[in-house]
1. Return the residues of the range 104-124 that are out of contact with any Ser or Thr (no Cβ under 6 Å at 6 or more places or on another chain), within 18 Å of Gly182 (Cβ to Cβ) and assigned to a loop (DSSP other than H, G, I, E, B); say none if nothing qualifies.
2. If I filter the range 40-71 down to residues being assigned to a loop (DSSP other than H, G, I, E, B) and out of contact with any strand residue (DSSP E or B) (no Cβ under 7 Å at 6 or more places or on another chain), which single residue comes out as farthest from Val86 (Cα to Cα)?
3. Here are some residues: Gly90, Gly124, Gly115, Gly147. Which one is out of contact with any Phe, Trp or Tyr (no Cβ under 8 Å at 6 or more places or on another chain), more than 23 Å from Leu310 (Cα to Cα), small (Gly, Ala, Ser) and buried (at least 18 other Cβ atoms within 10 Å of the Cβ)?
4. For the range 89-103, state whether one or more residues are in contact (Cβ under 8 Å) with a residue 40 or more places away in the chain, in contact with a His (Cβ under 8 Å, 6 or more places away or on another chain) and outside any helix (DSSP H, G or I).
5. Looking at the range 1-39, which of the residues that are closer than 16 Å to Phe128 by Cα, among the polar types (S, T, N, Q) and assigned to a loop (DSSP other than H, G, I, E, B) is modelled with the highest pLDDT?
6. Among the candidates Ala127, Ala134, Ala139, single out the residue that is in the same structural domain as Glu75 (by TED's automatic domain parsing) and modelled with pLDDT under 95.
7. Counting residues that are at pLDDT 95 or above and within 22 Å of Phe152 (Cα to Cα), which strands (runs of 3 or more DSSP E) fully inside the range 165-242 reach at least 3?
8. Could you please find all residues in the range 127-144 being surrounded by 22 or more Cβ atoms within 10 Å (Cβ to Cβ) and part of a helix (DSSP H, G or I)?
Amino acid sequence: MNVKKIIMLSTGGTIASKRNPETGLLTAGVMSGEELSNMCDLPSNIDVEVQSVFQIPSNHMTFEHLFTLKDKIEEVFENQEVDGIVVTHGTDTLEETSYFLDLVISDERPVVVTGSQRGPTVIGTDAFVNLRQAILLAAHPESRNTGTIVLFNERIFSGRYVQKRHASNVDGFTSFGFGYLGIVDQDNVSFYQKPIKREVYTITNKLPNVELIKCALGSDGRFIDCAVDFGASGIIVEAPGRGHAPPFILESVKKAVTKGVNVLLTTSANEGEVKTVYDFPGSAWSLQNEGVLLASDYDSKKARIKLAVLLAAGKEIDASYFN
């Protein structure tokens, strides 16, 4: 029997939560990975070793935690007997962590990120089925060369496009406009599509400060000014439609670019691209004329992660990285 060796890296989140008897509420990240894996009823040909990286709710994640997780995954993959890795993670920032790992882990063996919307001790929990299927997915040969993927509610998602779409429902994740890569139905893994290209960058420097600023009706440039004053290396501006920001931010954008800050424009729409269509002040065209880079169909949070990775990799930033 060919035994698959899977390393489960626990980082906390709802999937590792227990109810606090004093508050009656869930405390995230307190259940050990061993406790979780022991309840998954795995096939005998899969050997799971559990290692705790940190045990925190995912809203406590920082760039420093991402770097620590990257280093741990690279350390695990030094062992050629390992067939894949499963990362258990809180759902609030799961989409950001998964894309970060997709950009920095070069090994062809799979990294599967999963979590749960309901804690392990809650009625109707999705913790054990998600974890079990993530382990099966990490052990499956077709998962190789797909980059970092996410398993949630039986569906396989690309780390590049996965987004949290519901605050609490077990069907919590999707990939707007692109769909999922496949499904895990009980013990059966089926891929229907795979990414046609991968981008991987070697980072040795600390991830720099990149701020995300969302525009709404009448927004001005005060938060852009503040980000520049506090030393941001990059700013992601999220605007409606094709990237139509209020014209009141233009002067602040111009100042930021002049000071060497990388400014990217993204759309708040779930589908479609930032594009130069109109010539009115505040349009993508006018912002591009001030030195702003257009970030195509990137979700603002994913654009933030990618810009931070590119800067940490020492890249000279231009629009080609976001086409």
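1. Of everything in the range 104-124, those that are out of contact with any Ser or Thr (no Cβ under 6 Å at 6 or more places or on another chain), within 18 Å of Gly182 (Cβ to Cβ) and assigned to a loop (DSSP other than H, G, I, E, B) turn out to be Glu108, Arg109.
2. So in the range 40-71, the residues assigned to a loop (DSSP other than H, G, I, E, B) come out as 40-45, 57, 61-62.
Those still in the list that are out of contact with any strand residue (DSSP E or B) (no Cβ under 7 Å at 6 or more places or on another chain) too: 40-41, 43-44, 61-62.
Values: Cys40: 13, Asp41: 16, Pro43: 16, Ser44: 17, Met61: 18, Thr62: 20 Å.
Only one residue fits best here, namely Thr62.
3. On the way: Gly124 fails: buried (at least 18 other Cβ atoms within 10 Å of the Cβ); Gly115 fails: out of contact with any Phe, Trp or Tyr (no Cβ under 8 Å at 6 or more places or on another chain); Gly147 fails: more than 23 Å from Leu310 (Cα to Cα).
Exactly one of Gly90, Gly124, Gly115, Gly147 is out of contact with any Phe, Trp or Tyr (no Cβ under 8 Å at 6 or more places or on another chain), more than 23 Å from Leu310 (Cα to Cα), small (Gly, Ala, Ser) and buried (at least 18 other Cβ atoms within 10 Å of the Cβ), namely Gly90.
4. no
5. Per the stated criteria, the residue is Ser17.
6. On the way: Ala134 fails: modelled with pLDDT under 95; Ala139 fails: modelled with pLDDT under 95.
The unique qualifying residue is Ala127.
7. Working: elements: 182-185, 188-191, 210-214, 234-239.
Correct list: 182-185, 188-191.
8. Step one: list which residues in the range 127-144 are surrounded by 22 or more Cβ atoms within 10 Å (Cβ to Cβ), which gives 127, 130-139, 143.
Of everything in the range 127-144, those that are surrounded by 22 or more Cβ atoms within 10 Å (Cβ to Cβ) and part of a helix (DSSP H, G or I) turn out to be Ala127, Asn130, Leu131, Arg132, Gln133, Ala134, Ile135, Leu136, Leu137, Ala138, Ser143.
The values are calculated or read from the model by the stated rules, or taken from the named source; none is laboratory data. Everything quoted here is computed from the prediction, not taken from an experiment. Cβ sites come from the backbone with ideal geometry, for glycine too, and all protein chains shown count toward neighbours.
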